[in-house]
1. Tell me, yes or no, whether region 98-107 has at least one residue that is of a type in the set (S, T, N, Q) and surrounded by 17 or more Cβ atoms within 10 Å (Cβ to Cβ).
2. Which strands (runs of 3 or more DSSP E) does region 16-121 wholly contain that include 3 or more residues that are touching a Gly at 6+ places or on another chain (Cβ under 7 Å)?
3. Which one of these is touching a strand residue (DSSP E or B) at 6+ places or on another chain (Cβ under 7 Å) and aliphatic (A, V, I, L, M): Leu60, Leu101?
4. Which condition number in (1) over 21 Å from Gln19 (Cβ atoms); (2) surrounded by fewer than 16 Cβ atoms within 10 Å (Cβ to Cβ) is the one that Tyr94 fails?
Amino acid sequence: MSQPKVLLLGPPGAGKGTQSSNIVEEYGVDHVTTGDALRANKDMETEHGTPREYMEAGELVPDPVVNEIVKAALEEADGFVLDGYPRNLSQAEYLDDITDLDLVALLDVDRGELVDRLTGRRVCEECGTNYHVEFSPPEEAGVCDECGGDLVQRDDDNEETVEERLDVFEENTQPVIEYYDEEGELVRIDGEGTPEEVWADLRAAIDDAN
Ligand code: AP5
Ligand code: MG
């Protein structure tokens, strides 16, 4: 079986990062995620300004910046899980030109639940492992189970920025979902179960597609 090429779509907080970790572990593919790449380069000067200005407002970073990140990462990957891209139709068209996908999966979660997931998320500063203060707490508050690093809140996980990110998703990324749906390529996964339930459905969809 060749290495799967999976596109994971879903609103902020749907569990894309959480499930991407499972895919990486199970299939040994690369995790290509524009969000993490941009967070690692927040103050990079581009002709459009720095990523930070956009991210802290919950807005999309301009297409040329993210397109370049994705192109470079996909060229190096055998299989991959792509998370956080494409977020508008122009990025979707760009992606069509540079790769073929085995599976396009949507993690479906209602907006009310997303706000709770995001405002309660904590992330390890050292290794990036995701937690939730209520839904998946670490053994010791504020300390990563995996590596002992400090758990921090992302700058854009306050309630005001979360609402803005959800609005941006509905306006810009919902059309991307319709685009793949019309092509008959979209597999919908119920994202509201436990992380383990969501993973069981997602893994079955990947095995079916590959
Ligand atoms: P990015 O980092 O991609 O953020 P996002 O898409 O808003 O998604 P999140 O990372 O917030 O959520 P997730 O789906 O990964 O959820 P997670 O698994 O962590 O982008 C950030 C910013 O970068 C954007 O706003 C934009 O400015 C910029 N950007 C990035 N890509 C771009 C692009 N292509 N173009 C332009 N700009 C771009 O889970 C969330 C929480 O829920 C966690 O606490 C987790 O523990 C918990 N959880 C997970 N699953 C479950 C479950 N099943 N039940 C209960 N809790 C759960
Ligand atoms: Mg994420």
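1. Within region 98-107, the subset of a type in the set (S, T, N, Q) is 99.
Subsequent filtering for residues that are surrounded by 17 or more Cβ atoms within 10 Å (Cβ to Cβ) retains none.
Within region 98-107 (the criterion being of a type in the set (S, T, N, Q) and surrounded by 17 or more Cβ atoms within 10 Å (Cβ to Cβ)), the answer is no, since none of the residues qualifies.
2. Details: elements: 30-33, 80-83, 103-108.
So the answer is 103-108.
3. Numbers: Leu60 fails: touching a strand residue (DSSP E or B) at 6+ places or on another chain (Cβ under 7 Å).
Checking each option against the conditions leaves just Leu101.
4. Every listed condition holds for Tyr94 apart from (2).
So that you can scan it fast, the table gives a plain yes or no per residue for (1) more than 7 Å from ligand 1 (Cβ to nearest atom); (2) over 18 Å from the mean Cα position of the chain (by Cα); (3) among the β-branched types (Val, Ile, Thr):
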site	(1), (2), (3)
Val24	yes, no, yes
Val32	yes, no, yes
Gly58	no, no, no
Pro62	yes, no, no
Glu75	yes, yes, no
Asp108	yes, no, no
Glu125	yes, no, no
Gly128	yes, no, no
His132	no, no, no
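Throughout, read-outs are computed from the coordinates displayed, never taken from laboratory work. Since the model is a prediction, treat every value here as computed from it, not as a measurement. Here the Cβ is made from the backbone with ideal geometry for all residues, glycine too, and neighbour counts use every protein chain on show.
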